[in-house]
Every structure is written in C-alpha cells, then in structure tokens.
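**Q** One structure coming up, written as structure tokens, with questions to follow.
The values are calculated or read from the model by the stated rules, or taken from the named source; none is laboratory data. Fair warning: this is a prediction, and the values are worked out from it, not measured in the lab. Using ideal geometry, Cβ is built from the backbone for each residue, glycine included, and neighbour counts are taken over all protein chains shown.
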Amino acid sequence: MGFDDERQGSTLSEDECWRLLEAKDLGRLAVSVQDQPDIFPVNYAAEGGRLYLRTAQGSKLLELTINSHVALEIDEIGTDSAVSVVVKGTARRLEKEAEIVAAEQLPVRPRVGTDKPVFVEITPTDVAGRRFTFVPQPH
C-alpha cells in the first residue's frame, strides 16, 4: 500500500470483513458514470456472500444501470481503533419475481419515510478490510 503498513494498520481476513458487514446495515455506495464519482448513503443487508439494498427510481438507480461496477464501504470507529471494510463488485436490479420475494424477507428497510421498491444485489469481486489503532495525541 505505501508507507510503513505495519504501523498504519492490519489487514482483516475475509471472514472478519463479512462478520462486520453482517453486523451493520448502513454504508456508502460509490458509483462512477462518465468519469464522475458519486457516493450515496444506503441501507443494506448481507446474505449468502452478497449485499442487497433498496432504492427508488432516480440518479442512484440510473447510475447503477449505466455502470454496474460499484464499491460499498462501512466503518466502525471506537475510542482506540477503527475498522473499514470495502466491497467491490457488480450491481444489478432484481427483476425476477422469486428474487424479489426472497429479497423482501431480508432485513433491509429504508430509514427514511420514502418508498424504495427496487431491490439491488451486489455480487462482490473483492472484499478487503483494515483495522487501524489510534496513536495517543500529545496534549
């Protein structure tokens, strides 16, 4: 990665990354269309080695349709350390009735009062995480 990786943090195993992904439900979805990056806060659920989210018609769904290559990041920040997990993969809108019925059983619910009827599945191609230990700051 760059300078002195040992002092900067440690790599999480893929199992550790999935445990963190399964324990959380809020992340940031990164997309890019025409060399313009965009980031959206999203609720998601991790199930069976995949991530699922709900959305509505709009820029997020449009951008996923134009370029299905995405990244999703979650963080956990404590007083002494922090972890970051990044999932890179491809996204697709669920279209088959059986897929939608199965996705409706997942614990992915919008936190805001808007209707999000479209389910999106992210199939990971890379899952990576890091744990960072904070250095005490001088007073």
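**Q** Would you be able to say whether some residue in the range 48-57 is under 16 Å from the mean Cα position of the chain (by Cα), modelled with pLDDT under 90, over 24 Å from GLU16 (Cα atoms) and assigned to a strand (DSSP E or B)?
**A** yes
**Q** Six or more apart or on different chains, Cβ atoms under 8 Å: show the pairs whose first residue is in the range 20-47 and loosely packed, with under 12 Cβ neighbours inside 10 Å and whose second is hydroxyl-bearing (Ser, Thr, Tyr) and at pLDDT 90 or above.
**A** Taking only residues 6 or more apart or on different chains, the pairs are LEU26/TYR44.
**Q** Right, another one. Which numbered condition in (1) at pLDDT 95 or above; (2) touching a Leu at 6+ places or on another chain (Cβ under 8 Å); (3) β-branched (Val, Ile, Thr) is the only one that THR125 fails?
**A** THR125 satisfies all of (1) at pLDDT 95 or above; (2) touching a Leu at 6+ places or on another chain (Cβ under 8 Å); (3) β-branched (Val, Ile, Thr) except (2).
**Q** Residues VAL108, VAL85: which one is crowded, with 16+ Cβ neighbours inside 10 Å and either free of Cβ contacts under 8 Å to residues at least 40 places away in the same chain or under 30 Å from PRO136 (Cβ atoms) (or both)?
**A** Residue meeting the stated conditions: VAL85.
**Q** Could you figure out which of (1) farther than 18 Å from ALA103 by Cα; (2) modelled with pLDDT of 90 or more isn't true of VAL42?
**A** (1)
**Q** Looking only at the range 111-139, filter to residues that are among the β-branched types (Val, Ile, Thr) and in contact (Cβ under 8 Å) with a residue 40 or more places away in the chain; which one of those is farthest from ASP25 (Cα to Cα)?
**A** For the range 111-139, the residue satisfying everything is THR133.
**Q** Of the residues that sit in the range 64-89 and are part of a strand (DSSP E or B) and among the acidic types (Asp, Glu), which one is nearest to ASP126 (Cα to Cα)?
**A** Checked the range 64-89; the qualifying residue nearest to ASP126 (Cα to Cα) is GLU73.
**Q** Here's a follow-up. Quick check on my filter: what residues within the range 48-64 are surrounded by 14 or more Cβ atoms within 10 Å (Cβ to Cβ) and hydroxyl-bearing (Ser, Thr, Tyr)?
**A** Once the filter is applied, which keeps residues that are surrounded by 14 or more Cβ atoms within 10 Å (Cβ to Cβ) and hydroxyl-bearing (Ser, Thr, Tyr), the range 48-64 yields TYR52, THR55.
**Q** Considering the range 11-42 alone, what residues qualify as being part of a strand (DSSP E or B) and either under 15 Å from ASP75 (Cβ atoms) or in contact with a Ser or Thr (Cβ under 8 Å, 6 or more places away or on another chain) (or both)?
**A** LEU12, LEU26, GLY27, ARG28, LEU29, ALA30, ASP38, ILE39, PRO41, VAL42
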